[in-house]
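**Student:** Here's a structure for you.
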């Protein structure tokens, strides 16, 4: 039973040895990389939505001024 608790585990992504206190499947470095990629993707999505919203408001503004 003691050998089950002391089992050496490895990171799912890079294969480095995990600390015995780590309850995740990824090492700290791989987890941070994953978080950074998520943040960057979020920024890209926000930028795209903002660009579309500004473009729609400009087009709508031009149409309103022509009707008067």
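The values are calculated or read from the model by the stated rules, or taken from the named source; none is laboratory data. Just so we're clear, the structure is a prediction, and the values are computed from it rather than from any experiment. Ideal geometry is used to build each Cβ from the backbone, glycine not excepted, and the neighbour counts take in all protein chains shown.
**Student:** Considering each residue of the stretch 1-26, count those that are modelled with pLDDT of 85 or more, surrounded by 12 or more Cβ atoms within 10 Å (Cβ to Cβ) and in a loop (DSSP other than H, G, I, E, B), and give that number.
**Tutor:** Residues meeting the conditions: 9.
**Student:** Please list, ordered by first then second residue, the pairs with beta carbon atoms under 6 Å, 6 or more apart or interchain, first in the stretch 28-43 and under 14 Å from residue 13 (Cβ atoms), second surrounded by 10 or more Cβ atoms within 10 Å (Cβ to Cβ).
**Tutor:** Listed by first residue and then by second, the contacts come to 30/11; 30/13; 30/14.
**Student:** For the structure I just gave you, tell me whether residue 51 is surrounded by 10 or more Cβ atoms within 10 Å (Cβ to Cβ) and over 13 Å from the mean Cα position of the chain (by Cα).
**Tutor:** yes
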